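Contents: one structure, followed by commentary.
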Amino acid sequence: MARKKGSSKHFFLLFVVMLVLIWSIIKPEEGYRVWLMEVSPSVLVLIFLISRYNYFRLTTVSYVIITLLVILTFIGGHYSYSRVPLFTWIKDYFDLQRNHFDRFGHFLKGLMVIVIIEILLRKTVLLKSKTTNFIALCITLAIGALYEIIEWASTKIGKEGRATKDFLGMQGDIWDSQKDMALLLVGSILSLFFTKILYKKLEKFR
């Protein structure tokens, strides 16, 4: 019964994600090339999770986190990360030098550490411990670093055209990658304080 209840929540989250995806694909402001570059990693993750749903089902906690992060990328894909309206308004109101949606997104991506902890606890011999948390933190940072490398590689493959610059979203900051990684680290460390919520959910799988 609990499993059925959990499934209904998961399908609702998927429904929300699909609605946002449909909205995102309608006339993206920077064109479909930038949109595809921004959202394709999230779409691939969704396809993988859906295909494995009956074989390996995550907790609702992890699915909520994935939903949030995927929606962020769809919003970024629709507007491009440097032009999300709310953060443009914040930029203008507080006289900031840049749109900080990209920074906000990297900070929230720290929540990935909770999903990775669940996978480690359920698919490896690792137990709940500080060591497991540290390993999950390292994996999260490695994923973030890989994405930064992909962004850098896009400037070489795309010859630094407009679509590439919109995808990169540096907004003139030469230290953009380092700041993104720093915010990911801070977000990941703060997220570790919420692992008790995950542990409670995991008890249902034992």
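The values are calculated or read from the model by the stated rules, or taken from the named source; none is laboratory data. Given the structure is predicted, the values throughout are model-derived calculations rather than measurements. Positions of Cβ are generated from backbone atoms using ideal geometry, with glycine treated the same way; all protein chains shown enter the neighbour counts. Heavy atoms of the whole protein, side chains included, go into the accessibility calculation; ligands, DNA and RNA do not. Shrake-Rupley method; radii C 1.70, N 1.55, O 1.52, S 1.80 Å.
Applying a threshold of 8 Å to beta carbon distances and a minimum spacing of six or more residues, or different chains, the list of pairs starting in the range 114-127 at a residue that is acidic (Asp, Glu) and ending at one that is at pLDDT below 95 and not in a loop (DSSP other than H, G, I, E, B) reads Glu118/Leu198; Glu118/Leu202.
Quick check: is even one residue across the range 76-86 at pLDDT 90 or above, open to solvent by 90 Å² or more (accessible area, probe 1.4 Å), touching a helix residue (DSSP H, G or I) at 6+ places or on another chain (Cβ under 9 Å) and closer than 27 Å to Lys201 by Cα? No, every residue in the range 76-86 fails to be at pLDDT 90 or above, open to solvent by 90 Å² or more (accessible area, probe 1.4 Å), touching a helix residue (DSSP H, G or I) at 6+ places or on another chain (Cβ under 9 Å) and closer than 27 Å to Lys201 by Cα.
Considering Leu96, Leu141, Leu111, the condition of being free of Cβ contacts under 8 Å to residues at least 60 places away in the same chain, open to solvent by 20 Å² or more (accessible area, probe 1.4 Å) and under 16 Å from the mean Cα position of the chain (by Cα) is satisfied by Leu141 alone.
How about the range 184-206: which of its residues are open to solvent by 90 Å² or more (accessible area, probe 1.4 Å) and of a type in the set (D, E, K, R)? Correct list: Lys196, Lys200, Glu203, Lys204, Arg206. Residues in the range 41-75 that are open to solvent by less than 40 Å² (accessible area, probe 1.4 Å), hydroxyl-bearing (Ser, Thr, Tyr), without any contact (Cβ under 8 Å) to a residue 60 or more places away in the chain and over 19 Å from Gly187 (Cβ atoms): Tyr53 alone.
Here the helices (runs of 4 or more DSSP H) wholly within the range 1-104 that include at least 3 residues being touching a Lys or Arg at 6+ places or on another chain (Cβ under 9 Å) are 2-25, 60-79.
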